[in-house]
Amino acid sequence: MKLRKCTGRPGALPEANMLTIFSTPKPFRGHIGITQRNAIRSWTLLHPDAEVILFGDEEGTADAVRELKIRHEPYVKRNEYGTKYLGSIFDRAQQLARYDLLCYVNCDIILMSDFCEALESVRSSCSSFLMAGQRWDADIAEPLDFAQPDWELRARALALETNRQRPPQWIDYFAFNRGLYLKKLPPFVIGRPGWDNWLMWFARASGAVVVDASSVVAAVHQNHDYSYHADGEKGVWEGEEAQKNYAFLDSGRCFHTLENATHRLTPRGLRSNYRHWYTLGRQLSRRTVNSLWFGLLDLTRPVRHRLGLRQEGPQVAQRAEKG
């Protein structure tokens, strides 16, 4: 796998803060409506010229985009259950974006100035890249007061005091060059697992520099429940749509996490992540063992059926990967 040259020497570019952020919301009801407004407002404050595009026509979206003065693209391709296809959003965003640098962010994630600083550092060093990072969970139940000059300090302090940083399997923002994912995504649906890990894998496979910015970016996730799915948390992780998403991971071959990043962004700058080779070897070993195990299960199925034995479902194994 050939990687693009990455110097690791940050510097300023004239268009360093020119960025298109895009996302898709849930209905703007109750607590979810509050967290989504908090998140989107934080994105608009990253830079006066930052472009924000919201995809979808969920309840309250039109009012929210007018209130927050952002761009709205109501049409998104959906499956038979009404769930949005990820590729429809990514492709249209890359076609419409005002800028050549884009960032998809889940609609409950607050981004702050440390995100801009990290992005400028990576962009000044790498010609083709994906920058992503872990999130910090926090309980935020009220609208943030963005008029206060210390709102960032308060949000960051809350996240760090809660001290719940999700493991590297959980990825909620992806900053990348236009064209990296254009018309290349399998038919993942959003709001179900697996697609974030596929995005990490594809960036590696395409030869882009993949940067883990977790140590310098405090991406604050506002905790919420799973009431948006009829079957709650179990439906999100183990339902039919989740199983279809898992299938596109090709038995784990297309599953990468932030541990697979080629580089890490640290307070001292960009550093090569040599441990990613160890991670790749570990994942290959796990897939080999799993392949042998399931091959053995296939061979012994007639005997096991006679004895009334069952194997653990694949959805359980996949969910374990997410921690």
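Every read-out reported here was derived from the displayed coordinates using simple, explicitly stated rules and does not represent laboratory data. No experiment lies behind these values; they were computed from the predicted model shown. Cβ sites come from the backbone with ideal geometry, for glycine too, and all protein chains shown count toward neighbours.
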Starting from the Cα of Phe248, step 7 Å along the direction of its Cβ; do the same at Ser113; then give the gap between the two resulting points in nm. 3.8 nm
Just from the alpha-carbon atoms, what are the Rg and Dmax of region 20-272 in angstroms? 17.0, 48
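Taking Cα atoms of region 126-188, Rg/Rh with Kirkwood Rh, to two decimals? Could you put the intermediate results ahead of the total?
Working: Rg = 16.1 Å, Rh = 14.7 Å.
My calculation of the ratio gives 1.10.
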Taking every alpha carbon pair in region 49-127, what does the distance histogram look like in 10 angstrom bins from 0, in percent? 14, 43, 32, 10, 0
Computed FRET value (nearest 0.05) for Glu240 with Asp150, which takes r as the C-beta separation and R₀ as 35 Å: 0.15
